1. Does region 122-130 contain at least one residue that is under 17 Å from residue 65 (Cβ atoms), modelled with pLDDT of 85 or more and assigned to a helix (DSSP H, G or I)?
2. Among the residues of region 175-188, is any at pLDDT below 85, in contact with a strand residue (DSSP E or B) (Cβ under 6 Å, 6 or more places away or on another chain) and not in a helix (DSSP H, G or I)?
3. Pairs please, first residue from region 218-245 and in contact (Cβ under 8 Å) with a residue 40 or more places away in the chain, second anywhere and part of a loop (DSSP other than H, G, I, E, B), Cβ atoms under 6 Å, 6+ apart in sequence or on different chains.
């Protein structure tokens, strides 16, 4: 409603906000609400501590997903966008960057733990990630000031559990899949050369194209370790090789 509309309806207007108006001149003292620009609303959303926190975590997970599944592109692009938006939001909040560093350290330890046996790094990653989430804003146990911002403890617990499951199930499976030699396409190795890793008597192991393969020698009973061989065929999961004269 504009002041013009208010003046047109002055004859029937008695009260405004519960207060009587002495004369139409009082309309000049009225402060009308100004619409907030859409971009400012977006910045205000990013400045929400829960939104900034989730964007920060999603950004890190997206970058990790791109790292372990190189070439997919989408996780990396999404992770980079989320990370930039998170930094915009965190930059406008009273952020404890030590807490953010702990979250980052937890993600790194989760990633390293996938390739290391044992539970030491997993426990350390959970502790680092949880503490970082508690400290990135006002901790729950601290007395919050009037402008104090904090995350809901259950949000922290759920996010920590979700990140742990992401690495335990998703990332570990992706890395193990990369480590398994491809079963299909062994015919592409025909004609390639390598060396005997373990004596072929007549079966054994050969080192070929940077990997170790199960192999069987053709044409003679055995070949010693270190002998150069050429792949002449494949039978199931076993390569058929012959010594190079």
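The values are calculated or read from the model by the stated rules, or taken from the named source; none is laboratory data. Everything quoted here is computed from the prediction, not taken from an experiment. Cβ coordinates were reconstructed from backbone atoms using ideal geometry, including for glycine residues, and neighbour counts include every protein chain displayed.
1. Narrowing region 122-130 to residues under 17 Å from residue 65 (Cβ atoms): 125, 129.
Still in the list and also modelled with pLDDT of 85 or more: 125, 129.
Then drop every residue that is not assigned to a helix (DSSP H, G or I), which leaves 125, 129.
Yes, region 122-130 contains at least one residue that is under 17 Å from residue 65 (Cβ atoms), modelled with pLDDT of 85 or more and assigned to a helix (DSSP H, G or I).
2. Yes: one or more hits.
3. Correct list of pairs: 231/190; 231/192.
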